[in-house]
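Let me begin by presenting the structure, written as C-alpha coordinates, before commenting on it.
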Amino acid sequence: MKTRITELLGTEYPIIQGGMAWVAEYHLAAAVSEAGGLGIIGAASAPAEVVREQIRKVKELTKKPFGVNVMLMNPNADEVAKVIVEEGVKVVTTGAGNPAKYIEMWKAAGVKVIPVVASVALAKLMERAGADAVVAEGTEAGGHIGSTTTMALVPQVVDAVKIPVIAAGGVGDGRGFAAAMMLGAEGVQIGTRFCVATEAITHANYKEKIIKAKDIDSEVTGLSHGHPVRLIRNKMTREYLRLEKEGATMEELEYLTLGSLRKAVMDGDVTDGTVMAGQIAGLISKEQTCKEIIEEIMAQAKVLLKI
Ligand code: TUI
(Lines give C-alpha, C1' and ligand atoms only; values in the text may rest on other atoms or scores of the structure.)
Protein backbone atom coordinates (compact mmCIF):
# COMPACT_ATOMS: atom_id res chain seq x y z
CA MET A 1 0.00 0.00 0.00
CA LYS A 2 1.40 3.40 -1.07
CA THR A 3 0.67 6.72 0.66
CA ARG A 4 2.79 9.83 1.17
CA ILE A 5 3.81 8.22 4.48
CA THR A 6 5.23 5.04 2.91
CA GLU A 7 7.07 7.24 0.40
CA LEU A 8 8.43 9.49 3.15
CA LEU A 9 9.54 6.60 5.35
CA GLY A 10 10.50 4.01 2.74
CA THR A 11 8.35 1.36 4.46
CA GLU A 12 6.09 -1.28 2.96
CA TYR A 13 3.08 -0.27 5.10
CA PRO A 14 1.97 3.10 6.55
CA ILE A 15 2.08 1.75 10.09
CA ILE A 16 4.38 3.23 12.72
CA GLN A 17 4.94 1.93 16.22
CA GLY A 18 4.45 4.22 19.22
CA GLY A 19 7.54 5.26 21.19
CA MET A 20 6.28 3.72 24.44
CA ALA A 21 8.59 4.31 27.44
CA TRP A 22 10.47 1.09 28.46
CA VAL A 23 8.47 -1.00 25.94
CA ALA A 24 9.76 0.53 22.70
CA GLU A 25 13.30 -0.85 22.89
CA TYR A 26 15.39 -2.39 20.14
CA HIS A 27 13.80 -5.86 19.96
CA LEU A 28 10.33 -4.43 19.31
CA ALA A 29 11.55 -1.67 16.98
CA ALA A 30 13.53 -4.15 14.84
CA ALA A 31 10.59 -6.59 14.68
CA VAL A 32 8.14 -3.88 13.55
CA SER A 33 10.58 -2.64 10.90
CA GLU A 34 11.32 -6.18 9.68
CA ALA A 35 7.54 -6.72 9.36
CA GLY A 36 7.25 -3.73 7.01
CA GLY A 37 6.21 -0.98 9.44
CA LEU A 38 8.35 1.70 11.07
CA GLY A 39 9.84 0.49 14.34
CA ILE A 40 10.60 3.19 16.88
CA ILE A 41 13.06 3.35 19.79
CA GLY A 42 11.37 5.27 22.59
CA ALA A 43 14.01 7.46 24.26
CA ALA A 44 11.54 8.32 27.07
CA SER A 45 13.65 9.40 30.08
CA ALA A 46 16.78 7.47 29.08
CA PRO A 47 20.24 9.07 29.06
CA ALA A 48 21.55 9.86 25.56
CA GLU A 49 24.23 7.12 25.65
CA VAL A 50 21.60 4.46 26.37
CA VAL A 51 19.66 5.71 23.34
CA ARG A 52 22.85 5.52 21.23
CA GLU A 53 23.32 1.88 22.28
CA GLN A 54 19.71 1.07 21.43
CA ILE A 55 20.09 2.65 17.97
CA ARG A 56 23.22 0.57 17.29
CA LYS A 57 21.43 -2.61 18.36
CA VAL A 58 18.47 -2.00 16.03
CA LYS A 59 20.92 -1.47 13.17
CA GLU A 60 22.41 -4.92 13.90
CA LEU A 61 18.97 -6.56 13.65
CA THR A 62 17.46 -4.82 10.62
CA LYS A 63 18.56 -2.96 7.52
CA LYS A 64 15.04 -1.56 7.13
CA PRO A 65 14.05 1.99 8.16
CA PHE A 66 13.43 2.72 11.85
CA GLY A 67 13.01 5.85 13.94
CA VAL A 68 13.58 7.30 17.41
CA ASN A 69 10.96 9.01 19.58
CA VAL A 70 12.14 11.95 21.68
CA MET A 71 10.00 12.55 24.76
CA LEU A 72 10.36 16.30 25.19
CA MET A 73 9.86 16.28 28.97
CA ASN A 74 13.07 14.20 29.19
CA PRO A 75 15.77 16.33 30.88
CA ASN A 76 18.25 14.66 28.47
CA ALA A 77 16.27 15.66 25.33
CA ASP A 78 19.00 18.05 24.05
CA GLU A 79 21.63 15.27 24.13
CA VAL A 80 19.24 12.69 22.68
CA ALA A 81 18.44 15.10 19.83
CA LYS A 82 22.19 15.28 19.01
CA VAL A 83 22.71 11.50 19.25
CA ILE A 84 19.98 11.06 16.61
CA VAL A 85 22.03 13.18 14.19
CA GLU A 86 25.37 11.56 15.12
CA GLU A 87 24.00 8.04 14.60
CA GLY A 88 22.44 8.92 11.23
CA VAL A 89 18.87 8.07 12.29
CA LYS A 90 16.51 8.76 9.37
CA VAL A 91 13.21 9.43 11.18
CA VAL A 92 12.35 11.12 14.47
CA THR A 93 8.99 11.38 16.20
CA THR A 94 8.48 13.57 19.27
CA GLY A 95 5.96 13.62 22.11
CA ALA A 96 4.78 15.55 25.15
CA GLY A 97 5.90 18.97 23.94
CA ASN A 98 6.96 21.30 21.13
CA PRO A 99 10.15 20.18 19.32
CA ALA A 100 10.61 23.46 17.33
CA LYS A 101 14.11 24.16 18.69
CA TYR A 102 15.49 20.88 17.25
CA ILE A 103 13.82 20.89 13.83
CA GLU A 104 16.45 22.98 12.00
CA MET A 105 19.30 20.75 13.24
CA TRP A 106 17.42 17.56 12.30
CA LYS A 107 16.39 18.85 8.86
CA ALA A 108 19.97 19.97 8.11
CA ALA A 109 21.09 16.38 8.86
CA GLY A 110 18.42 14.92 6.56
CA VAL A 111 16.30 13.49 9.39
CA LYS A 112 12.55 13.22 8.65
CA VAL A 113 10.70 14.96 11.48
CA ILE A 114 7.27 13.77 12.61
CA PRO A 115 6.01 15.51 15.78
CA VAL A 116 3.11 13.94 17.69
CA VAL A 117 0.45 16.62 18.24
CA ALA A 118 -2.83 16.71 20.12
CA SER A 119 -4.16 19.97 18.62
CA VAL A 120 -4.64 21.73 15.28
CA ALA A 121 -2.63 24.72 16.56
CA LEU A 122 0.51 22.64 17.22
CA ALA A 123 0.09 20.79 13.89
CA LYS A 124 0.12 24.13 12.02
CA LEU A 125 3.08 25.38 14.03
CA MET A 126 4.99 22.17 13.23
CA GLU A 127 4.23 22.45 9.50
CA ARG A 128 5.55 26.04 9.48
CA ALA A 129 8.66 24.92 11.40
CA GLY A 130 9.45 22.37 8.65
CA ALA A 131 7.98 19.07 9.90
CA ASP A 132 7.60 16.39 7.22
CA ALA A 133 4.38 14.93 8.67
CA VAL A 134 2.51 14.95 11.98
CA VAL A 135 0.98 12.23 14.12
CA ALA A 136 -2.46 13.48 15.29
CA GLU A 137 -3.00 11.62 18.56
CA GLY A 138 -6.44 11.48 20.13
CA THR A 139 -7.27 11.18 23.82
CA GLU A 140 -8.02 7.44 23.42
CA ALA A 141 -4.26 6.83 23.37
CA GLY A 142 -2.25 5.49 26.29
CA GLY A 143 0.29 7.53 28.23
CA HIS A 144 0.52 11.32 28.06
CA ILE A 145 -2.55 12.61 26.19
CA GLY A 146 -4.45 15.65 24.93
CA SER A 147 -8.20 16.09 25.28
CA THR A 148 -9.65 15.76 21.76
CA THR A 149 -10.78 12.39 20.39
CA THR A 150 -9.10 10.80 17.36
CA MET A 151 -12.42 10.95 15.46
CA ALA A 152 -12.64 14.74 15.92
CA LEU A 153 -8.91 15.60 15.83
CA VAL A 154 -7.70 13.78 12.70
CA PRO A 155 -10.00 15.39 10.07
CA GLN A 156 -9.43 18.83 11.60
CA VAL A 157 -5.65 18.40 11.43
CA VAL A 158 -5.93 16.99 7.88
CA ASP A 159 -7.82 20.14 6.80
CA ALA A 160 -5.38 22.47 8.55
CA VAL A 161 -2.07 21.24 7.08
CA LYS A 162 -0.73 20.13 3.68
CA ILE A 163 1.82 17.66 5.07
CA PRO A 164 0.63 14.06 5.54
CA VAL A 165 -1.12 13.11 8.79
CA ILE A 166 -0.75 9.85 10.74
CA ALA A 167 -3.66 8.97 13.05
CA ALA A 168 -3.07 7.65 16.58
CA GLY A 169 -5.18 6.84 19.59
CA GLY A 170 -7.70 4.00 19.48
CA VAL A 171 -6.26 2.23 16.43
CA GLY A 172 -5.86 -1.50 17.10
CA ASP A 173 -7.04 -3.41 14.03
CA GLY A 174 -7.88 -3.11 10.32
CA ARG A 175 -11.15 -1.32 11.07
CA GLY A 176 -9.27 1.38 12.98
CA PHE A 177 -6.75 1.61 10.13
CA ALA A 178 -9.53 1.94 7.51
CA ALA A 179 -11.40 4.50 9.62
CA ALA A 180 -8.21 6.56 9.91
CA MET A 181 -7.88 6.55 6.10
CA MET A 182 -11.52 7.68 5.81
CA LEU A 183 -10.70 10.62 8.10
CA GLY A 184 -7.94 11.65 5.67
CA ALA A 185 -4.95 10.16 7.47
CA GLU A 186 -2.23 8.52 5.33
CA GLY A 187 -0.89 6.27 8.07
CA VAL A 188 -1.49 5.09 11.62
CA GLN A 189 0.58 4.91 14.78
CA ILE A 190 -0.12 1.92 17.01
CA GLY A 191 1.04 1.55 20.61
CA THR A 192 -1.07 -0.67 22.83
CA ARG A 193 -1.32 -3.59 20.40
CA PHE A 194 2.47 -3.65 19.97
CA CYS A 195 2.87 -3.61 23.78
CA VAL A 196 1.61 -7.22 23.77
CA ALA A 197 3.64 -8.32 20.71
CA THR A 198 5.70 -11.49 21.17
CA GLU A 199 8.89 -9.53 20.50
CA ALA A 200 8.04 -6.83 23.08
CA ILE A 201 10.02 -7.27 26.30
CA THR A 202 6.97 -6.07 28.27
CA HIS A 203 6.54 -8.27 31.39
CA ALA A 204 3.93 -11.06 30.99
CA ASN A 205 1.81 -9.49 33.79
CA TYR A 206 1.64 -6.19 31.86
CA LYS A 207 0.65 -7.99 28.66
CA GLU A 208 -2.00 -9.93 30.57
CA LYS A 209 -3.38 -6.69 32.08
CA ILE A 210 -3.89 -5.30 28.54
CA ILE A 211 -5.32 -8.56 27.19
CA LYS A 212 -7.80 -8.82 30.08
CA ALA A 213 -8.79 -5.14 30.00
CA LYS A 214 -12.31 -4.19 28.96
CA ASP A 215 -13.45 -1.04 27.16
CA ILE A 216 -13.97 0.94 30.37
CA ASP A 217 -10.85 -0.18 32.25
CA SER A 218 -8.63 2.85 31.64
CA GLU A 219 -8.38 5.94 33.84
CA VAL A 220 -6.82 9.37 33.32
CA THR A 221 -4.57 10.59 36.12
CA GLY A 222 -2.83 13.96 36.37
CA LEU A 223 -5.66 16.17 35.06
CA SER A 224 -5.35 18.38 38.17
CA HIS A 225 -1.78 19.41 37.35
CA GLY A 226 -2.09 19.57 33.57
CA HIS A 227 -0.25 16.35 32.66
CA PRO A 228 -2.99 13.83 31.91
CA VAL A 229 -1.85 10.23 31.51
CA ARG A 230 -4.07 7.31 30.43
CA LEU A 231 -3.45 3.95 32.12
CA ILE A 232 -5.22 0.78 33.17
CA ARG A 233 -7.06 1.01 36.51
CA ASN A 234 -5.32 -0.66 39.49
CA LYS A 235 -4.45 -0.02 43.14
CA MET A 236 -2.03 2.74 42.12
CA THR A 237 -4.59 4.68 39.99
CA ARG A 238 -7.21 4.42 42.77
CA GLU A 239 -4.74 5.86 45.26
CA TYR A 240 -3.56 8.53 42.79
CA LEU A 241 -7.09 9.68 41.95
CA ARG A 242 -8.05 9.74 45.65
CA LEU A 243 -5.02 11.95 46.43
CA GLU A 244 -5.80 14.20 43.45
CA LYS A 245 -9.38 14.64 44.69
CA GLU A 246 -8.02 15.60 48.12
CA GLY A 247 -5.88 18.30 46.49
CA ALA A 248 -2.46 16.61 46.85
CA THR A 249 0.53 18.58 45.55
CA MET A 250 2.37 17.55 42.39
CA GLU A 251 5.33 16.45 44.57
CA GLU A 252 3.13 14.10 46.62
CA LEU A 253 1.68 12.62 43.44
CA GLU A 254 5.08 12.27 41.81
CA TYR A 255 6.33 10.40 44.88
CA LEU A 256 3.58 7.82 44.33
CA THR A 257 4.58 7.21 40.70
CA LEU A 258 8.37 7.45 40.98
CA GLY A 259 9.78 4.59 38.91
CA SER A 260 6.30 3.06 38.68
CA LEU A 261 6.28 2.51 34.90
CA ARG A 262 9.55 0.61 35.06
CA LYS A 263 8.12 -1.41 37.96
CA ALA A 264 5.15 -2.50 35.82
CA VAL A 265 6.86 -3.00 32.43
CA MET A 266 10.06 -4.64 33.66
CA ASP A 267 9.21 -6.22 37.06
CA GLY A 268 5.55 -7.06 36.33
CA ASP A 269 4.15 -5.18 39.34
CA VAL A 270 0.80 -4.27 37.80
CA THR A 271 -0.79 -3.58 41.23
CA ASP A 272 1.36 -0.67 42.43
CA GLY A 273 2.98 0.06 39.05
CA THR A 274 1.86 2.26 36.14
CA VAL A 275 0.20 0.29 33.31
CA MET A 276 -0.02 2.83 30.49
CA ALA A 277 -2.36 1.69 27.68
CA GLY A 278 -4.98 3.12 25.37
CA GLN A 279 -8.76 2.61 25.40
CA ILE A 280 -8.35 0.08 22.59
CA ALA A 281 -6.88 -2.38 25.16
CA GLY A 282 -10.43 -3.82 25.43
CA LEU A 283 -10.16 -5.01 21.82
CA ILE A 284 -6.79 -6.70 22.20
CA SER A 285 -7.21 -10.38 22.97
CA LYS A 286 -3.92 -12.13 22.35
CA GLU A 287 -0.17 -11.94 21.98
CA GLN A 288 1.01 -12.15 18.36
CA THR A 289 4.24 -11.46 16.50
CA CYS A 290 4.66 -8.02 14.93
CA LYS A 291 4.44 -9.67 11.50
CA GLU A 292 1.10 -11.31 12.39
CA ILE A 293 -0.24 -8.04 13.83
CA ILE A 294 0.73 -5.94 10.81
CA GLU A 295 -0.40 -8.50 8.22
CA GLU A 296 -3.74 -9.02 9.97
CA ILE A 297 -4.37 -5.26 10.15
CA MET A 298 -3.48 -4.74 6.48
CA ALA A 299 -5.53 -7.73 5.23
CA GLN A 300 -8.61 -6.52 7.14
CA ALA A 301 -8.12 -2.91 6.03
CA LYS A 302 -7.67 -3.84 2.36
CA VAL A 303 -11.07 -5.59 2.30
CA LEU A 304 -12.77 -2.63 4.00
CA LEU A 305 -11.08 -0.04 1.78
CA LYS A 306 -11.58 -2.18 -1.37
CA ILE A 307 -7.93 -1.76 -2.43
O1 TUI B 1 4.09 11.65 24.40
C2 TUI B 1 3.12 10.93 24.29
N3 TUI B 1 2.84 9.95 25.17
C4 TUI B 1 3.58 9.66 26.27
S5 TUI B 1 5.05 10.37 26.72
C6 TUI B 1 5.12 9.42 28.08
S7 TUI B 1 6.43 9.52 29.23
C8 TUI B 1 5.63 10.11 30.58
N9 TUI B 1 5.75 9.38 31.68
C10 TUI B 1 5.15 9.78 32.79
C11 TUI B 1 4.41 10.93 32.84
C12 TUI B 1 4.25 11.68 31.72
C13 TUI B 1 4.87 11.26 30.55
C14 TUI B 1 4.08 8.60 28.13
N15 TUI B 1 3.23 8.74 27.11
N16 TUI B 1 2.24 11.09 23.28
C17 TUI B 1 2.37 12.15 22.35
C18 TUI B 1 1.62 13.33 22.81
N19 TUI B 1 2.09 14.52 22.83
N20 TUI B 1 0.37 13.32 23.28
C21 TUI B 1 0.06 14.60 23.60
C22 TUI B 1 1.15 15.37 23.30
C23 TUI B 1 1.34 16.76 23.45
C24 TUI B 1 0.69 17.47 24.43
C25 TUI B 1 0.92 18.83 24.59
C26 TUI B 1 2.21 17.43 22.60
C27 TUI B 1 2.44 18.78 22.75
C28 TUI B 1 1.78 19.47 23.75
O29 TUI B 1 1.98 20.81 23.95
C30 TUI B 1 2.98 21.43 23.20
C31 TUI B 1 3.32 22.76 23.72
O32 TUI B 1 2.82 23.72 23.12
O33 TUI B 1 4.08 22.81 24.69
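The values are calculated or read from the model by the stated rules, or taken from the named source; none is laboratory data. Just so we're clear, the structure is a prediction, and the values are computed from it rather than from any experiment. Neighbour counts run over all protein chains shown; Cβ positions are idealised from the backbone, glycine included.
Listed values, structure above:
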quantity: Pair list, Cβ < 7 Å and 6+ apart or interchain, from the range 91-103 residues that are on the phi < 0 side of the Ramachandran plot to residues that are small (Gly, Ala, Ser) and away from the ligand (no atom under 13 Å from the Cβ); calculated: Val91/Gly67; Val92/Gly67; Thr93/Gly67; Tyr102/Ala81; Ile103/Gly130
quantity: Set Glu246, Glu219, Glu239, Glu208: member being in contact with a Ser or Thr (Cβ under 9 Å, 6 or more places away or on another chain), surrounded by fewer than 20 Cβ atoms within 10 Å (Cβ to Cβ) and either of a type in the set (Ser, Thr, Tyr) or at pLDDT 95 or above (or both); calculated: Glu219
quantity: The range 125-135, subset more than 10 Å from the ligand (Cβ to nearest atom) and within 19 Å of Gly169 (Cβ to Cβ), residue farthest from the chain's Cα centre (by Cα); calculated: Ala131
quantity: Matching residues in the range 2-49 - criterion: being touching a strand residue (DSSP E or B) at 6+ places or on another chain (Cβ under 8 Å), under 15 Å from Val70 (Cα atoms), assigned to a loop (DSSP other than H, G, I, E, B) and of a type outside the set (Ser, Thr, Tyr); calculated: Gly18, Gly19, Met20, Ala21, Trp22, Val23, Ala24, Glu25, Ala43, Ala44
quantity: The range 142-193: number of residues that are over 21 Å from Leu72 (Cβ atoms), within 16 Å of the ligand (Cβ to nearest atom) and touching a Lys or Arg at 6+ places or on another chain (Cβ under 7 Å); calculated: 1
quantity: Contacts under 6 angstrom Cβ, first residue in the range 273-297 being closer than 15 Å to Arg233 by Cβ and touching a residue at least 24 places away in the same chain (Cβ under 8 Å), partner of a type in the set (D, E, K, R) and surrounded by fewer than 19 Cβ atoms within 10 Å (Cβ to Cβ), 6 or more apart; calculated: Gly282/Lys214; Gly282/Asp215
quantity: Members of the range 267-296 that are within 16 Å of the ligand (Cβ to nearest atom) and under 18 Å from the mean Cα position of the chain (by Cα); calculated: Thr274, Val275, Met276, Ala277, Gly278, Gln279, Ile280, Ala281
quantity: Scan of the range 85-115 for residues that are more than 16 Å from the ligand (Cβ to nearest atom), in a helix (DSSP H, G or I) and under 26 Å from Ile145 (Cβ atoms), ordered by number; calculated: Trp106
quantity: Ile84 being buried (at least 24 other Cβ atoms within 10 Å of the Cβ), over 18 Å from Tyr102 (Cα atoms) and among the hydrophobic types (A, V, I, L, M, F, W, C); calculated: no
